[in-house]
Amino acid sequence: MSILNADLHCHSVVSDGTLTPEALAARAAANGVHLWSLTDHDEIGGQHRAAAAAREHGMRYLTGTEISVTFAQETVHIVGLGFDADDAGMRRGLQATRDGRGERAREIAAGLAQAGIADAYEGALRYVGNPELISRTHFARFLVETGTCKDTGEVFRRFLVEGKPGFVPHRWAALKDAVQWITDAGGLAVIAHPARYRFTANEEYALFTEFKAHGGRGVEVVTGSHTTAESVRYAETAREFGLAASRGSDFHSPDESHTDLGRLPHLPGALTPVWELLADRIL
Ligand code: AMP
Ligand code: MN
Ligand code: MN
Ligand code: MN
């Protein structure tokens, strides 16, 4: 089962990806993906399109989203899979999570203006596919376009991370709420790319412990943002906490993403894949 080519994490123009749900589906199918999920940030507006496109390409589909959460003063991402995309509680929760993004974007632009970069709000907006979902990625694309930086990675390092002029502290959803929105809508909650967080060992232990206590059941073991060593490490964490394992590229754009859809290592055999727990939610 774990050799199935499942890609359960990627982004479309509905959040901060550059491809439409339909173009992503075509690319995933061409890359041999059998089970796919589109997981836009704080947004499920692309789910019906993605499911329909998956069907056209003969792929199985799980509904998806990636919810921004604040835990121990750090931003953590929780992927939700296999929920009812029309669930009212889920829609309300994601709407509330998106609500602060407009004001935050204005503040990011004000910070960049102080660093000598004018009109970044208007510049970022040109890259936005969904007016409710303006993200740091859109600012990064604008700064690459204007030649301020050579790629989006450099923009983040120089301007958009903590301590830099375009960084704005923000309070996202609570861990408990995000897990509850997903599970109440019939889905399964997954800790996204755990190696990306700058937690102490104690904070990370607290994250996994509280996540489980709230009903979370999975963790990304193989992702586009893990090294092989990090996948080995989080395979061990999955076993330790009795969590199922997920696999996803976190693909955003052909020009920016190092890991293409479906082009990543298989899950280690000894783990339970999340899709085994979601058999009755697969479309
Ligand atoms: P936001 O939700 O507006 O804070 O934006 C977060 C998004 O920025 C992530 O989902 C990534 O797509 C992108 N991102 C974060 N850090 C980096 C980085 N170091 N390099 C490139 N993209 C990044
Ligand atoms: Mn993103
Ligand atoms: Mn993420
Ligand atoms: Mn992502």
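The values are calculated or read from the model by the stated rules, or taken from the named source; none is laboratory data. Model, not experiment: these values are computed from the prediction. Positions of Cβ are generated from backbone atoms using ideal geometry, with glycine treated the same way; all protein chains shown enter the neighbour counts. Accessible surface is based on the protein model in full, side chains and every heavy atom, while ligands, DNA and RNA are left aside. Shrake-Rupley method; radii C 1.70, N 1.55, O 1.52, S 1.80 Å.
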Worksheet, complete the sentence: Within the stretch 154-168, the count of residues that are part of a helix (DSSP H, G or I), under 24 Å from T39 (Cβ atoms) and open to solvent by less than 30 Å² (accessible area, probe 1.4 Å) comes to 2
Practice prompt. Could you check, for the stretch 247-254, whether at least one of its residues is modelled with pLDDT under 95 and small (G, A, S)?
Written response: no
Practice prompt. For the stretch 205-221, name all the residues that are in contact with a Phe, Trp or Tyr (Cβ under 9 Å, 6 or more places away or on another chain) and within 16 Å of ligand 3 (Cβ to nearest atom).
Written response: L207, F211, G216, V219, E220, V221
Item to complete: Give the stretch 209-227 a look and list any residue that's of a type outside the set (D, E, K, R), surrounded by fewer than 17 Cβ atoms within 10 Å (Cβ to Cβ) and under 18 Å from E74 (Cα atoms), or say none.
Response: T209
Fill in: Every pair of residues 6+ apart whose Cβ atoms lie under 9 Å, when the first sits in the stretch 183-204 and is within 14 Å of ligand 3 (Cβ to nearest atom) while the second is open to solvent by less than 50 Å² (accessible area, probe 1.4 Å) and at pLDDT below 95
A192/S225; H193/S225; A195/S225; R196/S225
Discussion item. Quick check on the stretch 169-180. Is at least one of its residues more than 28 Å from D87 (Cβ to Cβ) and either free of Cβ contacts under 8 Å to residues at least 40 places away in the same chain or open to solvent by 20 Å² or more (accessible area, probe 1.4 Å) (or both)?
Written reply: yes
Discussion item. Name the single residue that is most open to solvent (accessible area, probe 1.4 Å) among those in the stretch 181-208 being touching a Gly at 6+ places or on another chain (Cβ under 6 Å) and assigned to a helix (DSSP H, G or I).
Written reply: D184
Practice prompt. Considering only residues that are assigned to a helix (DSSP H, G or I) and more than 27 Å from A279 (Cβ to Cβ), look in the stretch 211-231 and name the one that is nearest to the chain's Cα centre (by Cα).
Written response: E230
